[in-house]
Amino acid sequence: MAAIESVMHEGRVFEPAASIVETAAVSGMPAYHALVAEAERDYEGFWGRLARTALDWQTPFTKVLDESRAPFYTWFEDGRLNASYNCLDRHVENGLGEKAALIFEADDGTVTRVSYRDLLARVSRLANALKARGVKTGDRVVIYMPMSVEGVVAMQACARIGATHSVVFGGFSSKSLNERIVDAGAVAVITADEQMRGGRALPLKSIVDEALAAGGTETVTSVIVYRRTGGDVHWDAARDLWLHELVATQSDVCAPEWVGAEHPLFILYTSGSTGKPKGVQHSTGGYLLWAQQTMQWTFDIKSEDVFWCTADIGWITGHTYICYGPTAAGATQVIFEGVPTYPDAGRFWKMIEQHRVTVFYTAPTAIRSLIKAADANPEVHPRRYDLSSLRVIGTVGEPINPAAWMWYHDEVGGGRCPIVDTFWQTETGGHVISPLPGATPLVPGSCTLPLPGILAAVVDETGQEVPNGQGGILVIKRPWPAMLRTVWRDPERFRKSYFPEELGGTLYLAGDGAVRDATTGNFTIMGRIDDVLNISGHRMGTMEIESALVSHPLVAEAAVVGRPDDTTGEAIVAFVVLKRTRPTGDEGRAIANELRAWVAKQIGPIAKPRDLRFGDNLPKTRSGKIMRRLLRGLAKGETAPQDTSTLENPAILEQLGEAL
Ligand code: WTA
């Protein structure tokens, strides 16, 4: 909250430099306002124009938006296209075949360049191989891959044949992977033997083996394995295939499968407020349109740019701003296998210098940890590197505090690069609130204004818009092409989670709180208003972690909350009641470690609680409801007297306040 307060009193404003405004796709605020006005005047006309300009359609659409089955909106429905064609073939056809599509830098620094022509050939070979394995349009393919050229190839190959991919982040456990394979009903899994991160090899294939042994996965008939490290793997000849052997015999020509605009391009699982992750389903046409349009608007991407998004393909940012956006825009991009701190915390700056990166996109958590590292060791300070190639820099995933913003602006951007603080979500498909680098006056810590065509607003609990300056619930008032279409196999959950009756049933509920500046109308995001935590920009549901904890034989009850953390944004704090007496001291620490390891096994290391506290009970109301407000206070180490009048067992607070 302190950070939000400081943003609301932030007086500094940074106008874009004339040199940036001059050449920008959206040049100056009047150009931004003209686009906003165009969308207001003729919403469908606006989106139709963009979709016809940005994408190549095999069959043009005749209708832009169909609201008759709201909130199950459809866009460009009778149009047909192929995502991979739009990302690859059309650039090769337009003479860009030799242009670098990907500059891949491995963990150990090895660099591989892949041209658009090469990428198309590799995608086509794998697409043919998938077809040869019986994978058809509409089938689901789970991708559990490291950051690699092959990861992008796998996603694009699915898109090419109309198979719906579901990428699972390589840090998720076998249990999480199993649940996603089962829910998606996948027919194939594409993985690697191992992945390299920070000089260490970490298993992937063996986790797939475990996930498939756990059952419910009979639909899977092929496991395709990219050989990354050559490490030992268990082999099941009935099902496992080496990717390099499989593609060796395939043609590098594969006709794209034309699909309807609403065809599900992918499902991506994300955390919600229940224990079960939601399969967010995206379309082909509307999604791809926005992936490309936001590359142009938000990043002002130009043909000579070198773009670098540091996300992993396992998250939405890696889908939209690695696999689809930059390629649809025909850009050159860097993709990176490793971590920002290996071999030292100057890695990002060194890579920007070496590859002459012009547009750089990363997460506030990474910035905050690199600030710490640079303070501790001048050798890895960005000032030690030549970052003069940078033109636009961006952030995503969580609020950026003004102090980190200023450092990013001055030390990385050299005071001359606009920062695009992009607010969006897995569900929104692409940016929804963000500055435009050649137009928007920047205010540190604010994601500023909605992109043209996005009708964002702040409302109260009844769905009424609140005046600027007053906090409330962030919503989007009209459907937009890149929005999620449904929750995979759970349309009711889609409707209830995103279009709740309490708000009138027509507003898209983002799940974040927000406030607009009284004079500029700029948005500041105040964090999630549901039971979703944001750890280093990664979404985790408190219920997911609680159910993992209570599945441990020792645990009777658990409650999980977040506490603010200077580096990771939020840290996970778990309050646990065991089935036995409350452990303390060394024993308490040993059990806490066991439970942490258990959560990592159940969900993945990112879900490990930072703090674990044991109590004989949890603070509850007389009706038995856990009082999370009190737990959040305890997690922060607050000792100030809180209102405990409705609390059944006030004595418990003292126990739970004790760190181990
Ligand atoms: C948070 C990531 C403040 C927010 C693309 C949202 C942000 C959640 C920002 C979505 C930002 C994302 N400022 N908060 N610029 N960007 N968030 O689905 O809470 O992994 O609801 O998508 O991240 O996380 P997700």
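The values are calculated or read from the model by the stated rules, or taken from the named source; none is laboratory data. This structure is a prediction, so every number in the text was calculated from the model and none was measured. Heads up, the Cβs are rebuilt from the backbone with ideal geometry, glycines too, and the neighbour counts pull from every protein chain shown. What goes into the accessible areas is simple: the full protein's heavy atoms, side chains included, and nothing from ligands, DNA or RNA. Shrake-Rupley method; radii C 1.70, N 1.55, O 1.52, S 1.80 Å.
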Suppose we filter 581, 568 for residues that are under 22 Å from the mean Cα position of the chain (by Cα) and hydroxyl-bearing (Ser, Thr, Tyr); which single one remains? 568
Out of the residues in segment 385-401 meeting the condition of being within 15 Å of the ligand (Cβ to nearest atom) and open to solvent by 10 Å² or more (accessible area, probe 1.4 Å), tell me which one is farthest from residue 277 (Cα to Cα). 401
Every residue in segment 597-616 that is open to solvent by 50 Å² or more (accessible area, probe 1.4 Å) and under 23 Å from residue 654 (Cα atoms), please. 610, 616
For segment 636-659, enumerate the residues that are among the hydrophobic types (A, V, I, L, M, F, W, C), in a loop (DSSP other than H, G, I, E, B), under 18 Å from residue 577 (Cβ atoms) and out of contact with any strand residue (DSSP E or B) (no Cβ under 7 Å at 6 or more places or on another chain). 651
Of the residues that sit in segment 496-509 and are outside any loop (DSSP other than H, G, I, E, B) and open to solvent by 10 Å² or more (accessible area, probe 1.4 Å), which one is farthest from the ligand (Cβ to nearest atom)? 501
If I go through segment 19-58 residue by residue, how many of them are over 14 Å from residue 300 (Cα atoms), more than 27 Å from the chain's Cα centre (by Cα) and among the acidic types (Asp, Glu)? 4
Output for segment 162-188, where each listed residue is open to solvent by 10 Å² or more (accessible area, probe 1.4 Å), in a helix (DSSP H, G or I) and of a type outside the set (Ser, Thr, Tyr): 175, 178, 179, 180, 182, 183
Lone qualifier among 93, 77 - being open to solvent by 70 Å² or more (accessible area, probe 1.4 Å), assigned to a loop (DSSP other than H, G, I, E, B) and either closer than 30 Å to residue 116 by Cα or among the β-branched types (Val, Ile, Thr) (or both): 77
Residue 382: modelled with pLDDT under 95 and more than 11 Å from the ligand (Cβ to nearest atom), yes or no? no
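Residue-wise test of (1) out of contact with any Phe, Trp or Tyr (no Cβ under 7 Å at 6 or more places or on another chain); (2) in contact (Cβ under 8 Å) with a residue 60 or more places away in the chain; (3) open to solvent by less than 10 Å² (accessible area, probe 1.4 Å); (4) away from the ligand (no atom under 16 Å from the Cβ).
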| site | (1), (2), (3), (4) |
| --- | --- |
| 547 | yes, yes, no, yes |
| 550 | yes, no, no, yes |
| 555 | yes, no, yes, yes |
| 559 | no, yes, yes, yes |
| 568 | yes, yes, no, no |
| 572 | yes, no, yes, no |
| 576 | no, no, yes, yes |
| 587 | yes, no, no, yes |
| 594 | yes, no, no, yes |
Only one of 610, 622, 596 is charged (D, E, K, R) and within 30 Å of residue 403 (Cα to Cα); which? 610
With respect to the numbered conditions (1) touching a residue at least 24 places away in the same chain (Cβ under 8 Å); (2) within 30 Å of residue 339 (Cβ to Cβ), which one is the sole condition not fulfilled by residue 242? (1)
Residue in segment 513-525 that is nearest to the ligand (Cβ to nearest atom), counting only those that are buried (at least 21 other Cβ atoms within 10 Å of the Cβ) and not small (Gly, Ala, Ser): 525
Of (1) under 21 Å from residue 93 (Cβ atoms); (2) touching a residue at least 40 places away in the same chain (Cβ under 8 Å), residue 115 satisfies every one except (2)
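So that you can scan it fast, the table gives a plain yes or no per residue for (1) of a type in the set (Ser, Thr, Tyr); (2) within 30 Å of residue 22 (Cβ to Cβ):
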residue: 343; (1), (2): no, no
residue: 351; (1), (2): no, yes
residue: 356; (1), (2): no, yes
residue: 367; (1), (2): no, yes
residue: 388; (1), (2): yes, yes
residue: 396; (1), (2): no, yes
residue: 408; (1), (2): yes, yes
Tell me, which residue of segment 189-223 that is among the polar types (S, T, N, Q) and touching a residue at least 60 places away in the same chain (Cβ under 8 Å) is least open to solvent (accessible area, probe 1.4 Å)? 222
Could you identify the single residue in 489, 478, 493 that is touching a residue at least 12 places away in the same chain (Cβ under 8 Å), open to solvent by less than 40 Å² (accessible area, probe 1.4 Å), more than 13 Å from the ligand (Cβ to nearest atom) and more than 14 Å from residue 424 (Cβ to Cβ)? 493
When the residues of segment 413-465 are narrowed to those that are within 12 Å of the ligand (Cβ to nearest atom), of a type outside the set (Gly, Ala, Ser) and closer than 22 Å to residue 45 by Cα, which ends up surrounded by the most Cβ atoms within 10 Å (Cβ to Cβ)? 431
Tell me which residues, restricted to segment 596-635, are within 16 Å of residue 552 (Cα to Cα), in contact (Cβ under 8 Å) with a residue 60 or more places away in the chain and in a loop (DSSP other than H, G, I, E, B). 603, 604, 609
Flag for residue 328 being away from the ligand (no atom under 16 Å from the Cβ), among the small types (Gly, Ala, Ser) and surrounded by 22 or more Cβ atoms within 10 Å (Cβ to Cβ): yes
The condition of being open to solvent by less than 10 Å² (accessible area, probe 1.4 Å) and part of a loop (DSSP other than H, G, I, E, B) holds, among 312, 300, only for 300
Given (1) open to solvent by 40 Å² or more (accessible area, probe 1.4 Å); (2) of a type in the set (Gly, Ala, Ser); (3) touching a Ser or Thr at 6+ places or on another chain (Cβ under 9 Å), identify the lone condition not met by residue 637. (3)
Anything in segment 622-634 that is modelled with pLDDT under 85 and open to solvent by less than 50 Å² (accessible area, probe 1.4 Å)? List them, or say none. 624
